[in-house]
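Only one structure is covered here, and it is reproduced in the block below.
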Amino acid sequence: METIHTLEWMKQVARQARADGRLVGLVPTMGALHEGHLSLIRAAQQQCSPVIASIFVNPTQFAPNEDLEKYPRQMEADRAALEELRVDTLFAPTAKEMYPEGFGTYVTVEGLSTRLEGKSRPGHFRGVSTVVLKLFEIVQPHCAFFGRKDAQQARIIRQMATDLNLDTRVVTCPIVREADGLAMSSRNAYLKPEERRAAAALYRALDKARKEIAAGERDALRLAGVLRRVLGEEKLLSVDYAEIVDADTFESVTRLRRNCLAVLAVFAGKTRLIDNMAIEEKEGELVVTL
Ligand code: AMP
């Protein structure tokens, strides 16, 4: 596996692959890799060669009060995990090169970026869409792979790709979970043992809502109530939001419809955890995916 730190070199390598008629796949990450990230790599390898994984802890998506400084960094372990999967290239640019002195251009997907995660984390999605657009421009991938764990992020990137006529296909991959259902996240490492135990309630809440839907519940407000009730049973958790939203607009809905998401954001101590469940209509049936 080749490790590339400079933008110019990355551009050259990726453009050469494209010129050779190869299908370039990009998996953008912030490192501290876990099975969730690795599942994106495997999905990319099924469709693309070469596969380029990027690791960049993007400062512009962290608010001043957030965890940029203490975000887990483990480059050597990450590199070993990517080597083992036979990833072609690790792209690990420096913040100085990504955001040199005088940097002043940001991209914002209006509307979608102000709801839910965007409301709780002002400026977050502006940072995300800016860095992803930069990565897309440097690598010019045919396909880029994102996790449904960050469903709003994936939706925003897809909208950006459409709006800006980008040549990159945005692929969304399933959520990978721990044995007790907690969605894998680099931030899970922050959890104290008792917070880690309490965090399993996110999955339990979604699973309870799934059972209610299977039993015929279609009232989205009642389902949101179910989510809050299960989360409320854990004293160590405080709920930021728990809602049923339209999967395209991320606006709240009052009744389940064609394409929805149950979305959660919860604090366990200082650690913010998110999760979601897709509710889709397929051949006249509601199919729920946790
Ligand atoms: P991050 O390093 O947190 O920025 O995540 C990089 C990519 O991995 C994003 O597209 C995430 O949605 C995805 N990802 C993170 N956790 C998971 C998970 N548990 N399952 C699937 N994808 C994930």
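The values are calculated or read from the model by the stated rules, or taken from the named source; none is laboratory data. Since this is a predicted model, take the numbers as computed values, not measurements. In this analysis, Cβ positions are derived from the backbone assuming ideal geometry, glycine residues included, and neighbour counts consider all displayed protein chains. We work out accessible area using only protein heavy atoms, side chains counted, and drop any ligands, DNA or RNA first. Shrake-Rupley method; radii C 1.70, N 1.55, O 1.52, S 1.80 Å.
What distance in nm separates the two pseudo spin-label positions at residue 249 and residue 222, each 7 Å out from Cα along the beta-carbon direction?
Each label point lies 7 Å from its Cα, and together they span 2.4 nm.
Going 7 Å from the Cα of residue 197 in the Cα-to-Cβ direction, what parts of segment 228-242 have a backbone nitrogen less than 12 Å from that spot?
The answer is 235-236.
Kindly provide the Kirkwood hydrodynamic radius of the chain in Å, to one decimal, from all pairs of distinct alpha carbon atoms.
19.8 Å
Run the quick spin-label model on residue 9 and residue 165: label points 7 Å from Cα toward the beta carbon, then report their separation in nm to one decimal.
Calculated label separation equals 3.4 nm.
Just to check I understand the Karplus step: with θ = phi - 60° and J = 6.51 cos²θ - 1.76 cosθ + 1.60, what whole-Hz values come out for segment 256-269, glycine and proline as x?
Using θ = phi - 60°, the values come out as 4, 9, 2, 9, 10, 9, 8, 10, 10, 9, 9, 9, 10, x Hz.
With a Förster radius of 30 Å, plug the Cβ-Cβ distance of residue 22 and residue 95 into 1/(1 + (r/R0)^6) and report the FRET value to the nearest 0.05.
Calculated value: 0.55.
From Cα pairs below 8 angstrom and at least 6 apart in sequence, can you work out the relative contact order of segment 170-268, rounded to a whole percent?
23 percent
Take the Cβ-Cβ distance between residue 114 and residue 84 as r, set R0 to 35 Å, and report the resulting FRET efficiency rounded to the nearest 0.05.
Efficiency at R0 = 35 Å is approximately 0.30.
What shape does segment 2-173 have by the C-alpha gyration tensor, where a ≥ b ≥ c are the square roots of the eigenvalues, rounded means a/c under 1.5, and otherwise prolate means a/b greater than b/c and oblate the rest?
Because its axes are fairly even, with a/c under 1.5, segment 2-173 counts as rounded.
Tell me the net charge near residue 220. Cut-off is 12 Å between Cβ atoms, residue 220 excluded, with +1 for each Lys or Arg and -1 for each Asp or Glu.
With Lys, Arg at +1 and Asp, Glu at -1, the neighbours total -2.
I want to make sure I understand the PRE zone here: with the label point 7 angstrom from the Cα of residue 105 toward its beta carbon, which residues in segment 133-155 have backbone N atoms less than 15 Å away?
133-140
For the chain, find the longest principal axis of its Cα atoms and tell me its angle to the long axis of helix 151-163, 0 to 90°, nearest 10.
So the helix axis and the longest Cα principal axis differ by about 50 degrees.
What is the sum of charges around residue 175, taking Lys and Arg as +1, Asp and Glu as -1, for the other residues whose C-beta is under 12 Å from the C-beta of residue 175?
Summing Lys/Arg as +1 and Asp/Glu as -1 gives -1.
What residue among 26, 63, 113 has its Cα farthest toward the positive end of the dipole of segment 1-117, where the charges are +1 on Lys, Arg and -1 on Asp, Glu, each on the Cβ?
The residue sitting most towards the positive pole is 26.
Putting +1 on Lys and Arg Cβ atoms and -1 on Asp and Glu Cβ atoms, find which of 182, 198, 168 reaches farthest to the positive end of the dipole of segment 79-199.
198
Between 0 and 90 degrees, rounded to the nearest ten: what's the tilt of helix 220-232 against the longest Cα principal axis of the chain?
That helix lies at roughly 90 degrees to the long axis.
Considering only DSSP beta bridges whose two residues both sit in the chain, what percent are antiparallel, to the nearest 5?
60 percent
Could you work out what % of the accessible surface of segment 68-197 is carbon and sulfur, using a 1.4 angstrom probe and leaving DNA, RNA and ligands out of the count?
49 percent
Taking the Cα centre of each part, how many Å lie between segment 225-281 and segment 24-80?
Segment 225-281 and segment 24-80 have Cα centres spaced 25 Å from each other.
Please get the size of the charge dipole for segment 186-282, origin at its Cα centre, with Cβ charges of +1 on Lys and Arg and -1 on Asp and Glu, quoted in debye to the nearest 20.
Here segment 186-282 has a charge dipole of around 300 debye.
Would you mind getting the accessible area per residue of segment 186-282, heavy atoms of the protein chains only, 1.4 Å probe, in Å²?
On a per-residue basis, 48 Å².
Which value in Å does the Kirkwood hydrodynamic radius of segment 186-282 take, with 1/r averaged over all unlike C-alpha pairs and then inverted?
13.5 Å
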